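Trainee: Here it is, the structure, as structure tokens.
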Amino acid sequence: MYPAPFSYVRVASVAEALAALAEHPDGRFLAGGHSLLPALKLRLAEPAVLIDIGRVAELQGITQVGSTLRIGSLATHDQVASSDTVCAGARLLAEACAKVGDAAVRNWGTLGGNLAHADPASDPPPALVAAGARLELQSSVGQRWVAADQFFSDLFLTALASDEIITAVEVPAAGARTGSAYLKHPHPASGYAVCGAAAVVTLDGAGRCESARLAIGGVGPVPVAIDLAALSGEVPEQAGVDAALADIEIADPLSDPYASADYRIRLARVLGRRAMLLAAQRAVA
Amino acid sequence: MPESITISVTVNSRRYERAVEPRTLLIHFLRDALGLTGSHVGCETSLCGACTVLVDGAATKACTLLAAQADGRAVTTIEGLAQDGALHPVQEQLWHHHGVQCGYCTSGMVLAAVALLEREPSPTDAQIRAGLKGNLCRCTGYANIVDAVHAAAAALAAR
Ligand SMILES: Cc1cc2nc3c(=O)[nH]c(=O)nc-3n(C[C@H](O)[C@H](O)[C@H](O)COP(=O)(O)OP(=O)(O)OC[C@H]3O[C@@H](n4cnc5c(N)ncnc54)[C@H](O)[C@@H]3O)c2cc1C
Ligand code: FES
Ligand code: FES
């Protein structure tokens, strides 16, 4: 299986990447290649030019400044999953990245590539939505930030403009009495998420829910934030969480021979509850 | 004439400079340009792991990387593991524990196990199975492979 022929340009900086894209409007960025190369081999995409951003130093690295984690778009799933900074500040994201594919995929696939690709069955997107993260995008005219819950517009479609690059993801670090978790039901063959549930729970001093956020991936065309206002002021326990999730709605649920829309929504309720309770348990610990 | 680029890749400690078409996958570069046919092509769709090699020490599915992405990097294939005629402990133990049947998955499995042990010198069963998740074997049923990786971990620790 050979991709259709293309030209290859390797760039060393964001400025060079944007200039190369301006010069080749039919070009595509290549990060780890673990979504793009499979698509090229199947000839689902035939870009004329690949602009390899994989070695751009300024897109790498994971740091924490104050209470914000800054994850360069080229951070691999493995780097995110094994980063002490991410494990401490955004455990749900480390768990989501640890559940991507297999070890070899995590060595090459990047967070930025995963988000730009916007596969509805991806793991990191719901984690970033639940964590209240935002994406930093850059074009030749300037920078802008888009909240993770605004970034995904439809299956494989995002708010990224054709002249932009994702430079980083900023995630608020979890504060006191806050726990988070990401749980996944993988497709038995592909390993992608049939349903992924990402939760962040903050408790007050008395163990009642001060805030709770849940996002579900894999079920709808984009990750969906679930309204959990009903839980605020409540001690999170199974009956209450089940009640809050009893009639969640996810627009245009996906459906295939392995998992019908109904089944996916059931999974969302069950995994959503488990993720919420695990996050609450971690908020106490 | 298709466009070509010149890349330089160190494979098993030997540096190779070759002109390749940009679309050349690392697995085809290794097998067809360098004649290193120990790395296999199973699915060619990133799923089976038969093509697994190490790139700068990291387990990599060579069917899912452009040769150009390996430019300037160091690649280890199954041909580069034995030292002075002695098999690597992972190879040795797969043999002893009958973790090889048809052998098609084996070269990729070995490299994935080497990378796993590099990171986790005394892994649990669960860590071995998780570490080898991207490598499919249609013959052995995996149990003997897991045993072999445990034995290789012990052999490496005793070195
Ligand atoms: C066998 C296998 C199993 C997998 N399983 C899972 C799984 O279980 N869960 C999961 O979530 N994912 C899974 N993936 C996908 C994996 O997460 C991909 O690595 C990731 O989606 C893409 O990252 P990449 O760096 O490889 O991007 P690439 O393939 O290089 O690029 C993907 C797309 O993003 C664009 N792009 C890349 N970087 C940027 C940037 N910085 N700014 C703008 N555009 C950019 C590219 O132009 C391209 O269109 C799997 C992949 C494989 C091969
Ligand atoms: S041939 Fe590369 S994963 Fe199957
Ligand atoms: S030994 Fe035959 S596929 Fe593994």
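Trainee: Please determine whether any residue of segment B:114-124 is within 16 Å of ligand 2 (Cβ to nearest atom) and either part of a helix (DSSP H, G or I) or within 14 Å of chain A (Cβ to nearest Cβ) (or both). If you could, list the steps in order and put the result at the bottom.
Mentor: Our first condition is that a residue be within 16 Å of ligand 2 (Cβ to nearest atom); within segment B:114-124, this holds for B:115.
Now restrict to residues that are either part of a helix (DSSP H, G or I) or within 14 Å of chain A (Cβ to nearest Cβ) (or both): B:115.
Yes: segment B:114-124 contains one or more residues that are within 16 Å of ligand 2 (Cβ to nearest atom) and either part of a helix (DSSP H, G or I) or within 14 Å of chain A (Cβ to nearest Cβ) (or both).
Table: residues versus (1) among the hydroxyl-bearing types (S, T, Y); (2) within 18 Å of the chain's Cα centre (by Cα); (3) closer than 23 Å to A:A4 by Cβ.
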{"position": "A:A39", "(1), (2), (3)": "no, no, yes"}
{"position": "A:P47", "(1), (2), (3)": "no, no, yes"}
{"position": "A:R55", "(1), (2), (3)": "no, no, no"}
{"position": "A:G72", "(1), (2), (3)": "no, yes, no"}
{"position": "A:V86", "(1), (2), (3)": "no, yes, no"}
{"position": "A:R91", "(1), (2), (3)": "no, yes, no"}
{"position": "A:V105", "(1), (2), (3)": "no, yes, no"}
{"position": "A:N114", "(1), (2), (3)": "no, yes, no"}
{"position": "A:S122", "(1), (2), (3)": "yes, yes, no"}
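Trainee: Same structure, new question: Scan segment B:1-27 for residues that are within 25 Å of B:L117 (Cβ to Cβ) and within 16 Å of ligand 1 (Cβ to nearest atom) and jot them down.
Mentor: Pass one, segment B:1-27, residues within 25 Å of B:L117 (Cβ to Cβ): B:9-14, B:26-27.
B:L26, B:I27 - these are the residues of segment B:1-27 that are within 25 Å of B:L117 (Cβ to Cβ) and within 16 Å of ligand 1 (Cβ to nearest atom).
Trainee: Which condition does B:R129 not pass, out of (1) within 16 Å of ligand 1 (Cβ to nearest atom); (2) not assigned by TED's automatic domain parsing to the domain that holds B:R14, if it passes all the others?
Mentor: Of the numbered conditions (1) within 16 Å of ligand 1 (Cβ to nearest atom); (2) not assigned by TED's automatic domain parsing to the domain that holds B:R14, the odd one out for B:R129 is (1).
Trainee: Do any strands (runs of 3 or more DSSP E) lying entirely in segment B:15-99 carry at least 3 residues that are modelled with pLDDT of 95 or more and among the charged types (D, E, K, R), and which ones are they? Full working, then the answer.
Mentor: Values: elements: B:52-55, B:58-61, B:74-76.
In segment B:15-99, there are no strands (runs of 3 or more DSSP E) which contain 3 or more residues that are modelled with pLDDT of 95 or more and among the charged types (D, E, K, R).
Trainee: Could I ask something else about it? How many residues are facing chain B (nearest Cβ under 10 Å) and assigned to a loop (DSSP other than H, G, I, E, B) if we restrict to segment A:1-30?
Mentor: Start the filter on segment A:1-30 by keeping residues that are facing chain B (nearest Cβ under 10 Å), which leaves A:1-10, A:30.
From what's left, assigned to a loop (DSSP other than H, G, I, E, B): A:1-6.
Matching residues across segment A:1-30 total 6.
Trainee: Can you name the residue in segment B:28-46 that is within 14 Å of ligand 1 (Cβ to nearest atom) and within 14 Å of the chain's Cα centre (by Cα) and, of all such residues, is farthest from the other protein chains (Cβ to nearest Cβ)?
Mentor: Quick first cut of segment B:28-46, residues within 14 Å of ligand 1 (Cβ to nearest atom) only: B:42-46.
When the remaining residues are screened for being within 14 Å of the chain's Cα centre (by Cα), the result is B:42, B:46.
Values: B:G42: 12, B:S46: 6 Å.
Among those residues, the one meeting the criterion is B:G42.
Trainee: I've got another one for you. Restricting attention to segment B:55-69, and to residues there that are more than 15 Å from ligand 1 (Cβ to nearest atom) and touching a residue at least 24 places away in the same chain (Cβ under 8 Å), which single residue is surrounded by the most Cβ atoms within 10 Å (Cβ to Cβ)? First the steps, then the outcome.
Mentor: Step one: list which residues in segment B:55-69 are more than 15 Å from ligand 1 (Cβ to nearest atom), which gives B:56-57, B:67.
The next check asks that each one be touching a residue at least 24 places away in the same chain (Cβ under 8 Å); those that pass are B:57, B:67.
Details: B:G57: 14, B:A67: 24.
This residue is B:A67.
Trainee: Across segment B:77-104, which residue is nearest to ligand 2 (Cβ to nearest atom) among those that are of a type in the set (D, E) and surrounded by 13 or more Cβ atoms within 10 Å (Cβ to Cβ)?
Mentor: Kept after step one, since they are of a type in the set (D, E), are these residues of segment B:77-104: B:79, B:84, B:92.
Right, trim to surrounded by 13 or more Cβ atoms within 10 Å (Cβ to Cβ) and you get B:79, B:92.
Values: B:E79: 17, B:E92: 25 Å.
For segment B:77-104, the residue satisfying everything is B:E79.
Trainee: Okay, next question. Which pairs have Cβ atoms under 9 Å, sit 6 or more apart or on different chains, and link a residue in segment A:242-255 that is charged (D, E, K, R) to one that is assigned to a helix (DSSP H, G or I)?
Mentor: As it stands, the answer is A:D242/A:R269; A:D242/A:R273; A:E249/A:I265; A:D252/A:A261, since those pairs meet every condition given.
Trainee: Kindly establish whether B:L94 is away from every other protein chain (no Cβ under 14 Å) and either of a type outside the set (A, V, I, L, M, F, W, C) or touching a residue at least 12 places away in the same chain (Cβ under 8 Å) (or both). If you could, list the steps in order and put the result at the bottom.
Mentor: Details: away from every other protein chain (no Cβ under 14 Å): yes; either of a type outside the set (A, V, I, L, M, F, W, C) or touching a residue at least 12 places away in the same chain (Cβ under 8 Å) (or both): yes.
So B:L94 passes the test.
Trainee: A follow-up question, please. Counting only residues that are at positive phi and within 14 Å of another protein chain (Cβ to nearest Cβ), how many does segment A:74-119 have?
Mentor: Taking segment A:74-119 and keeping what is at positive phi, we get A:101, A:118.
Imposing the further condition that a residue be within 14 Å of another protein chain (Cβ to nearest Cβ) reduces the set to A:101.
Counting residues in segment A:74-119 that are at positive phi and within 14 Å of another protein chain (Cβ to nearest Cβ) gives 1.
Trainee: From the set of residues in segment B:146-157 that are more than 23 Å from A:V100 (Cα to Cα) and out of contact with any Pro (no Cβ under 9 Å at 6 or more places or on another chain), which is farthest from ligand 1 (Cβ to nearest atom)?
Mentor: Here the answer is B:D147.
Trainee: A follow-up question, please. Pick from segment A:99-127 the residues that are over 18 Å from A:A275 (Cβ atoms) and of a type in the set (G, A, S): which of them is nearest to ligand 2 (Cβ to nearest atom)?
Mentor: A:A104
Trainee: Residues that are in contact with a helix residue (DSSP H, G or I) (Cβ under 7 Å, 6 or more places away or on another chain), at least 3 per element: which strands (runs of 3 or more DSSP E) completely within segment A:185-279 meet that?
Mentor: A:193-203, A:209-217
Trainee: Within the group B:T52, B:T76, which residue is out of contact with any Pro (no Cβ under 7 Å at 6 or more places or on another chain), assigned by TED's automatic domain parsing to the domain that holds B:P22 and away from ligand 1 (no atom under 16 Å from the Cβ)?
Mentor: On the way: B:T52 fails: away from ligand 1 (no atom under 16 Å from the Cβ).
The match here is B:T76.
Trainee: Still on this structure, I have one more. Going residue by residue through segment A:61-73, is there one that turns out to be within 14 Å of chain B (Cβ to nearest Cβ) and among the small types (G, A, S)?
Mentor: Quick first cut of segment A:61-73, residues within 14 Å of chain B (Cβ to nearest Cβ) only: none.
Looking through segment A:61-73, none of the residues is within 14 Å of chain B (Cβ to nearest Cβ) and among the small types (G, A, S).
The values are calculated or read from the model by the stated rules, or taken from the named source; none is laboratory data. Note that this is a predicted model, so its numbers are computed, not measured. Reconstructed Cβ throughout: ideal geometry from the backbone, glycine too, with neighbour counts over all protein chains shown.
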